[in-house]
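Below is one structure, written out as structure tokens, with a few remarks after it.
The values are calculated or read from the model by the stated rules, or taken from the named source; none is laboratory data. Computed from a prediction, not measured in an experiment: that's the story for all the values here. A quick note on method: Cβ atoms are made from the backbone with ideal geometry, for glycine too, and the neighbour counts reach across all protein chains shown. Just so you know, the surface numbers come from the protein's heavy atoms only, side chains and all, with ligands and any DNA or RNA stripped out. Shrake-Rupley method; radii C 1.70, N 1.55, O 1.52, S 1.80 Å.
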Amino acid sequence: LQYLSLVSKVCTELANHVGIGDKTLAEFIISIADETDDLSSFQRKLEENGAEFADSFVCSLHAMILRLRPKKAAGSAAGDSGGSKSVGGGRSGDEKSQKFPGLSIPDSKPIELSPPPEPKR
């Protein structure tokens, strides 16, 4: 969902600045940003592929892509494998407690309610 939002934003920016709001072009620009490490290599790679954008537009595109793209760090891969193990095997205390402190509150005793009043006959 984050990726689709990013593609939509890049399409909008392309339509506003260049007049072409093509989804495939937006995905291509995002893939170039994923392959490069910094702004100068991103701009160089765009120019190699025939994109002649203004420096300010390239800078804003790069910043937006870095800010909005889904995180695909090593933590997400470890989270996937750890999540499948902890489903059947109980709690993995510290990590989940830090991520979701509101859900790690211990259960309390159930509150006993008085029985409902009997209807009058």
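Taking the residues in the stretch 13-36 that are under 14 Å from Glu52 (Cβ atoms) and in a helix (DSSP H, G or I) as candidates, determine which candidate is most open to solvent (accessible area, probe 1.4 Å).
Only one residue fits best here, namely His17.
Note down all Cβ pairs under 7 Å where the first residue falls in the stretch 1-14 and is closer than 13 Å to Ile29 by Cα, the second is of a type outside the set (D, E, K, R) and open to solvent by 60 Å² or more (accessible area, probe 1.4 Å), and they're at least six residues apart or on different chains.
Partner pairs satisfying both residue conditions: Leu14/Ile20.
Go through the residues of the stretch 26-38 one by one and say whether even a single one is of a type in the set (Ser, Thr, Tyr) and over 16 Å from Leu66 (Cβ atoms).
No, the stretch 26-38 contains no residue that is of a type in the set (Ser, Thr, Tyr) and over 16 Å from Leu66 (Cβ atoms).
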